[in-house]
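First comes the structure, then the notes that go with it.
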Amino acid sequence: MRDPQGGITHFIAVKEDITARKRSEEQLRMYGTVFETITEGIMVTDADNRIKIVNPAFTRITGYQPEEVVGENPRMLSSGRHSPAFYAELWESLLERGSWSGEIWDRRRDGTLYPAWLSLVAIFDERRRLLEYVAVFSDITHRKESEEQIRRQANYDALTGLPNRSLLRDRLSGALKSARRERWKVALLFVDLDRFKEVNDSLGHVAGDELLQRIGERLRGCVREADTVARFGGDEFVLLLEDIKQVSDAADVCKKILRELDGPVALHGRDVFVGASIGVTLYPDDAADANTMLRNADMAMCRAKDAGRNNYQFFTLAMNEQVQHRIELERDLRQALEQGQLLLHYQPIVRLDDLRVVGVEALLRWRHPERGLVLPDTFITLAEESGLIAPIGRWVLRMACRQAGSWRAAGLALKVSVNLSSHQLAMGLEVGEIQQILGEEGLDPEGLNIEITESTMMEDSEANLEWLEQAKAVGVRLAIDDFGTGYSSLSYLKRFPMDTLKIDRTFIRDVEEHPEDISLIEAIIAMAGSLGLQVVAEGIENPAQLELMRRHGCDLGQGNLFSEALEPGRIPDLVRVGVAAAE
Ligand code: C2E
Ligand code: CA
Ligand code: CA
């Protein structure tokens, strides 16, 4: 302050705390930075929906500079892809709830469309007057693409591009729902290629893959656009036919498929023939749910295979019962071993000239608690398919060796024959294990005769040949079982180190009706002789057959004429007195 002369008398200072202002400036600066650098596009419009301000990300995403859009209606960004109802709903939510968010398609400055995730907020003042709208959005093109890719991977088979198992299930469930509502019929076809494995093995995987693609295309060509052709796995395809009028429609499609797949497919300069077996099941005739339908169709397909391939079969209730029966039997068989329900019967093998018992064949029996004594024909295949043959087979070997060992100890020199299934070899039964069992049960290897069928030898001939040579080296005897029912290949016989050949009982049976077959038996015996093999005639049931086999120089025989398979306790008497064969 100055006096009248202008001299300074006082100073007055006013101090103001501007922390808050500084803070809000700082905050504004920070908000500004966020606005400038955030990757989401931001657009603020006024109450009349005119664009007030946009951020750099907006420009990056849409291609519009701020000066091109400020003052404009955001409508200029719309793609034209959404219906008026879509926008109406958006506005309703925005005005009523103050916000909206969701996926929206917009258009860039260059005309291209892009999907965006958009959040809209309406801003009101304290008197509930609308001030402005704020839109925050991001371009989700990449996310959409990877979502689509994931969806494809999850639902389509990469090789053929056809729907996969999981999409098929969805479609089948959907089809059944509509069929229920509309009272339609639905057919499900299970198609399994007959000779895919051969092609794959001989021409290689590349050709195999190409073949599957071709087959996929051919199958697509057999049905209407609306029907589904799915790759179920491996060489299995499933067709879903919706809204079929009558059963014969499904049969017609089957015939068409068989015709299509019966012809040659040109692959790498070669014509290959695959063929297919088809199982069919219908809604509502056979089942009401997706799982049962798939099971039925699969079952019917297996039946088509059994019926000689290259044909189709409709599911029937009888198939179901049979399968049910098998399931129960398999369940029971799992316990049979632990619960001591398995036992061995022994059928004498006799020398034909003096009818002395020189050996026995161990034959498996199952004393089922409800079904009584079950013969192996009903359960060996089951044991093979379920893998149970491995433990069961080991048990048979051990019990048979133990029995033979105890007969030996009682002064009875009997060779014991044990049947070995190809599955046991494939599942890794080692010669060493057999040696160990022999050692533990106190039996010389020469006392054990292993019977394997002709088809077993052919199955994986190289590996099996090695196995047999090892067994032979250990001293175990080897017999070829059911000779004449398989390939009966002479060259195999020569290569494999066998000791005995067992002529299948169908030959012995048929020779009475077809005397000309005797020349076959003669040839087998002569051939066996020249290869140094002992011959056993199986299934001798009457004196005429015995006489015939004797006359043709067959060494040994087996059959009900001498004795059926017996409990082990009854064998010693037979050995001592020989078998009776009323002549
Ligand atoms: P296989 O090895 O050919 O055994 C001979 C079958 O012919 C036995 O049937 C026997 O009872 C039967 N048989 C014997 N003599 C006559 C006859 O005069 N007439 C007729 N019609 N049949 C006769 P089984 O015991 O029912 O065995 C059937 C098949 O089951 C066997 O055929 C064999 O392949 C298999 N098998 C039996 N036990 C075992 C085993 O422990 N392991 C394996 N892997 N398979 C076994
Ligand atoms: Ca046998
Ligand atoms: Ca046999």
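The values are calculated or read from the model by the stated rules, or taken from the named source; none is laboratory data. Keep in mind that this is a model prediction, so the values were computed, not measured. Cβ placement follows ideal geometry from the backbone for every residue including glycine, while neighbour counts extend to all protein chains displayed. The protein model used for the area step is the full one, side chains on, heavy atoms only, and it has no ligands, DNA or RNA in it. Shrake-Rupley method; radii C 1.70, N 1.55, O 1.52, S 1.80 Å.
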Exercise. For segment 505-541, which residues satisfy the criterion of being open to solvent by 60 Å² or more (accessible area, probe 1.4 Å), within 16 Å of ligand 3 (Cβ to nearest atom) and part of a loop (DSSP other than H, G, I, E, B)?
Worked result: GLU541
For this session: Only residues that are modelled with pLDDT under 95 and over 11 Å from LEU188 (Cα atoms): list them for segment 236-250, please.
Result: ASP243, LYS245, GLN246, VAL247, SER248, ASP249
Seminar exercise, completed: Of (1) over 27 Å from PRO543 (Cα atoms); (2) within 11 Å of ligand 1 (Cβ to nearest atom); (3) touching a residue at least 24 places away in the same chain (Cβ under 8 Å), LEU373 fails just (3)
Exercise. Do we find that ARG570 is on the phi < 0 side of the Ramachandran plot and open to solvent by 80 Å² or more (accessible area, probe 1.4 Å) in this structure?
Worked result: yes
Problem set entry | Any hit, segment 456-468, residues being within 16 Å of ligand 3 (Cβ to nearest atom) and crowded, with 17+ Cβ neighbours inside 10 Å | yes
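With the condition being at pLDDT 95 or above, assigned by TED's automatic domain parsing to the domain that holds GLY557 and within 16 Å of ligand 2 (Cβ to nearest atom), I'd like the strands (runs of 3 or more DSSP E) fully within segment 338-411 carrying at least 2 qualifying residues.
Values: elements: 342-351, 357-368, 372-374.
Ranges flagged: 342-351, 357-368.
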Seminar exercise, completed: Only unsatisfied item for VAL579, checking (1) within 16 Å of ligand 3 (Cβ to nearest atom); (2) touching a residue at least 60 places away in the same chain (Cβ under 8 Å); (3) assigned to a loop (DSSP other than H, G, I, E, B), is (1)
Exercise. Does any residue of segment 285-292 turn out to be charged (D, E, K, R), farther than 20 Å from LYS197 by Cβ and either more than 24 Å from the chain's Cα centre (by Cα) or open to solvent by less than 20 Å² (accessible area, probe 1.4 Å) (or both)?
Worked result: yes
Seminar exercise, completed: In segment 476-492, anything within 24 Å of VAL350 (Cβ to Cβ), without any contact (Cβ under 8 Å) to a residue 40 or more places away in the chain and more than 16 Å from ligand 3 (Cβ to nearest atom) is listed as none
For this session: Provide a single number: the residues in segment 412-425 that are assigned to a loop (DSSP other than H, G, I, E, B), within 16 Å of ligand 3 (Cβ to nearest atom) and of a type in the set (A, V, I, L, M).
Result: 1
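For SER455, state whether it is in a helix (DSSP H, G or I) and within 12 Å of ligand 1 (Cβ to nearest atom). Please lay out each step first, then the result.
Details: in a helix (DSSP H, G or I): yes; within 12 Å of ligand 1 (Cβ to nearest atom): yes.
Taking the combined requirement at face value, the residue satisfies it.
Any idea how many residues of segment 32-70 are part of a strand (DSSP E or B) and touching an Asp or Glu at 6+ places or on another chain (Cβ under 9 Å)? Walk me through how you get there before you give the answer.
First, the residues of segment 32-70 that are part of a strand (DSSP E or B): 41-46, 51-54.
Right, trim to touching an Asp or Glu at 6+ places or on another chain (Cβ under 9 Å) and you get 41, 44-46, 51-52.
Adding up the residues that qualify gives 6.
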Seminar exercise, completed: Of (1) under 39 Å from the mean Cα position of the chain (by Cα); (2) within 16 Å of ligand 1 (Cβ to nearest atom); (3) over 20 Å from ILE380 (Cα atoms), ARG509 fails just (1)
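Quick check: is even one residue across segment 484-497 in a helix (DSSP H, G or I), surrounded by 16 or more Cβ atoms within 10 Å (Cβ to Cβ) and within 13 Å of ligand 2 (Cβ to nearest atom)? Step through it out loud before you land on a result.
At the first step, the residues of segment 484-497 found to be in a helix (DSSP H, G or I) are 490-495.
Add one more test, that the residue is surrounded by 16 or more Cβ atoms within 10 Å (Cβ to Cβ), and what stays is 492-493.
Going one step further and asking which of them are within 13 Å of ligand 2 (Cβ to nearest atom), we end up with none.
Checked against the condition, which is being in a helix (DSSP H, G or I), surrounded by 16 or more Cβ atoms within 10 Å (Cβ to Cβ) and within 13 Å of ligand 2 (Cβ to nearest atom), segment 484-497 yields no hits at all.
This table checks each residue for (1) small (Gly, Ala, Ser); (2) within 21 Å of the chain's Cα centre (by Cα); (3) surrounded by fewer than 18 Cβ atoms within 10 Å (Cβ to Cβ).
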residue	(1), (2), (3)
SER173	yes, yes, yes
SER178	yes, no, yes
ARG181	no, no, yes
VAL186	no, no, no
LEU189	no, yes, no
LEU193	no, yes, no
Exercise. Any idea which of (1) crowded, with 19+ Cβ neighbours inside 10 Å; (2) farther than 25 Å from ASP555 by Cα; (3) away from ligand 2 (no atom under 15 Å from the Cβ) is the one GLY447 doesn't satisfy?
Worked result: (2)
Exercise. Residues in segment 243-283 that are in contact with a Gly (Cβ under 7 Å, 6 or more places away or on another chain) and open to solvent by less than 10 Å² (accessible area, probe 1.4 Å): how many?
Worked result: 1
For this session: Scan segment 388-403 and give yes if some residue there is buried (at least 20 other Cβ atoms within 10 Å of the Cβ) and farther than 25 Å from ARG570 by Cβ, otherwise no.
Result: yes
Exercise. Can you name every residue in segment 415-440 that is within 16 Å of ligand 1 (Cβ to nearest atom) and acidic (Asp, Glu)?
Worked result: GLU433
Seminar exercise, completed: By residue number, the members of segment 14-67 that are small (Gly, Ala, Ser) and more than 19 Å from SER138 (Cβ to Cβ) are ALA20, SER24, GLY32, ALA47
For this session: Search segment 97-112 for residues that are surrounded by fewer than 13 Cβ atoms within 10 Å (Cβ to Cβ) and pair each with any residue that is basic (Lys, Arg) when their beta-carbon atoms are under 8 Å apart and the residues are at least 6 apart or on different chains.
Result: none
